[in-house]
Amino acid sequence: MSIYTQEQVNYLVEGKLDWETTMRMLSMPKDGERFRMYVHALQSKLPWDDKIILPISLHLYIAQNKTSKEWVTKCSCGHEFGDYRKNWKLQALIYVRDNAEAMHEVYPALMAPDTNWQVYREYYCPSCGTMHDVEAPTPWYPVMHEFEPDIEAFYNDWVHLPLPEKAS
């Protein structure tokens, strides 16, 4: 049983939870009930009803497609990037800042990185335009796939909740 209420978790998701409670919540061990409440709070704000399996970032989720039962990476607007095990960035709109002019939109002239050594890749949802990630690699480096969660271990070993069923 969590020591927090659904109302407190809702305030956390909305960014309205007081600082002291937020810090206490962050420093305490995580529990399955709080995770369940967190997912419930996120789910209630979304325009789609596919089940959230795991939040990835502020507007990106692993969700279970209601029709196919497949687990997919999904934007808060409802856009599906495909199978959660594949690199969603390859299905995103990508803006590469690879010249001085584009870098100066982000940095003052003398503080911008040398684009011979570093570029910025910005990844956007093709449906709603939400920026989901930014990378700062060397120009020749491939698109990074930095996160493929072990969802089974997360549910079994960390939050101790039943693993949501997925299609085979």
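The values are calculated or read from the model by the stated rules, or taken from the named source; none is laboratory data. On a predicted model such as this, the values are computed, not experimentally measured, just so you know. For neighbour counting, all protein chains shown are included, and Cβ atoms are generated from backbone atoms with ideal geometry for every residue, glycine included.
Considering only the range 31-53, how many residues are surrounded by fewer than 20 Cβ atoms within 10 Å (Cβ to Cβ), in a helix (DSSP H, G or I) and either touching a residue at least 40 places away in the same chain (Cβ under 8 Å) or touching a Cys at 6+ places or on another chain (Cβ under 6 Å) (or both)?
Matching residues across the range 31-53 total 2.
Pairs please, first residue from the range 134-147 and surrounded by fewer than 11 Cβ atoms within 10 Å (Cβ to Cβ), second anywhere and among the acidic types (Asp, Glu), Cβ atoms under 9 Å, 6+ apart in sequence or on different chains.
GLU146/ASP133; GLU146/GLU135
Show me the strands (runs of 3 or more DSSP E) entirely contained within the range 68-128 in which 3 or more residues are closer than 30 Å to LYS166 by Cα.
71-75, 80-83
Taking ALA100 as meeting all but one of (1) surrounded by 12 or more Cβ atoms within 10 Å (Cβ to Cβ); (2) of a type in the set (Gly, Ala, Ser); (3) modelled with pLDDT of 90 or more, write down the number of the exception.
Failing condition for ALA100: (3).
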